[in-house]
1. Looking only at the range B:1-48, count every residue that is in a helix (DSSP H, G or I), under 30 Å from A:Trp64 (Cβ atoms) and more than 7 Å from chain A (Cβ to nearest Cβ) and tell me the total.
2. Filter the range A:24-72 for residues that are at pLDDT 85 or above and polar (S, T, N, Q) and give the result.
3. Do you know which residues across the range A:74-100 are more than 9 Å from chain B (Cβ to nearest Cβ), closer than 22 Å to A:Ser59 by Cβ and among the hydrophobic types (A, V, I, L, M, F, W, C)?
4. Right, B:Gly81: at positive phi and not hydroxyl-bearing (Ser, Thr, Tyr) or not?
5. Output the residue which, of all residues in the range B:110-139 that are farther than 30 Å from B:Pro84 by Cα and touching a Ser or Thr at 6+ places or on another chain (Cβ under 6 Å), is surrounded by the fewest Cβ atoms within 10 Å (Cβ to Cβ).
6. Tell me which of these A:Gln23 doesn't satisfy, since it passes every other one: (1) farther than 26 Å from A:Arg9 by Cβ; (2) more than 14 Å from chain B (Cβ to nearest Cβ); (3) of a type outside the set (Lys, Arg); (4) not in a helix (DSSP H, G or I).
7. How about the range A:126-168: which of its residues are away from every other protein chain (no Cβ under 14 Å), modelled with pLDDT under 80 and assigned to a helix (DSSP H, G or I)?
8. Identify all residues within the range B:160-191 that are more than 16 Å from B:Ala93 (Cα to Cα), touching a Lys or Arg at 6+ places or on another chain (Cβ under 8 Å) and part of a helix (DSSP H, G or I); write none if there are none.
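The values are calculated or read from the model by the stated rules, or taken from the named source; none is laboratory data. Here the structure is a predicted model, which means the values were calculated and not measured. In this analysis, Cβ positions are derived from the backbone assuming ideal geometry, glycine residues included, and neighbour counts consider all displayed protein chains.
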Amino acid sequence: MSAPTIIERFKTGLWYENPGLVQLLGLCPLLAVTSTFINGLGLGIATLSVLIVSNGLVSATRRWIRSEIRIPIYVLIIASLVTCTELIFKAWFPALDRSLGIFIPLIVTNCAIVARAEIFASRNPIGSSIVDGIVMGTGFALLLMAIGAFRELVAMGWLLAVLPPGAFFTLALAIAAKNSIDKRREERRANTVPQRAKHLNQQDP
Amino acid sequence: MRSGITLAAIAAVCTALVAFTYQLTDERIAANDRAWLEQSLQPALSGLFFDSGVSESVLTIPAPHELPGSEDAIIYRVYSGVSPVAALFVVSARDGYAGAIKMLVGIDINGEITGVHVLAHRETPGLGDRIESSKTDWGKQFDGRSLGDPGTSGWKIKRDGGDFDQLSGASVTPRAVVKAVRETLEYFDANAVTIFAAATDADNEVTE
């Protein structure tokens, strides 16, 4: 199998294997902070940067890490990076830090990050792992922003959207929309060319 | 054995990384906290007349002291001309659900509360965090209260037989805040004269 191009990698992270929409990882922050666009943006950027660096570090140290101790090491790396991110937010974005509150330290528990370390970064070279962090993190961040923007807009007419149940409805709508788009494309492809499920087996893990 | 060494080495690197970031951000964070505090001072005074620069009259009470919290307590004194108007206490309630709840308690010269404002906390989002003045008006119920209103037995949340609203789903947090406010009032009641008579931190630095 030839290595996927950068564009294909982006398509994978943003669409076909989007951490939030498809893998359904990291739902706790996704549902909790997306009451406004700016909160989604803030947490998205924080998660993205942690994911890029943690993927890089896990990949860089993968030679020396035996499989029995890999989980404590991931936890150690991710927890340190999140602490640094929290300090940086407190120092340079104090208002955003106050509105995100405890959800910045809680990035530690975002399973999307440890999942990418385990599934991808521990088995792939450093450059490729960083790209993985970028595409997956961007996919997650864009979803946070989209949901945040949607809820903020809808809340002007329908207050429920910013309340916790609104988060579940919005995410459900987003997943339904994605699945219906995928299905329509699939049908169109079936009608034109002899079909081959091009993206289904594309990403390795 | 080798695993242990690897783990220790990576732990050391990670600790160094955090320590370095802490060094880098420490000053800015302290400055931000100060700015946030000063920004919160005005609303905690709820329209009292005063003409002194609030942050110029700082008094630090070194720990241990009888105010809530284990850190040094900070008191901002507010004057109109030379007569004292109010004092603002920065204290921490320590028996919250998750760590200290840092808050600002304003008390005027008659012992009435001018405002309670939560500065920092780690309470559960959606439950305990409703004590924040940006989220609900829960903190407003303290305005105008004093040690006599309600009396000693009333300085509790309703669930414990007192006068103050709790928050549904979170009684630990309000209970801690009410207790800390009461303790601050008691301290003010016992020490008001000393507080206003004491020299400011700035004066102390000059004389020392």
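1. Summing the residues that are in a helix (DSSP H, G or I), under 30 Å from A:Trp64 (Cβ atoms) and more than 7 Å from chain A (Cβ to nearest Cβ) in the range B:1-48 gives 13.
2. A:Asn39, A:Thr47, A:Ser49, A:Ser54, A:Asn55, A:Ser59, A:Thr61 - these are the residues of the range A:24-72 that are at pLDDT 85 or above and polar (S, T, N, Q).
3. A:Val75, A:Ile78, A:Val82
4. When the stated conditions are applied, B:Gly81 passes them.
5. So, considering only residues that are farther than 30 Å from B:Pro84 by Cα and touching a Ser or Thr at 6+ places or on another chain (Cβ under 6 Å), the one surrounded by the fewest Cβ atoms within 10 Å (Cβ to Cβ) is B:Arg130.
6. The one condition A:Gln23 does not meet is (1).
7. A:Leu159, A:Leu160, A:Ala161
8. B:Asp160
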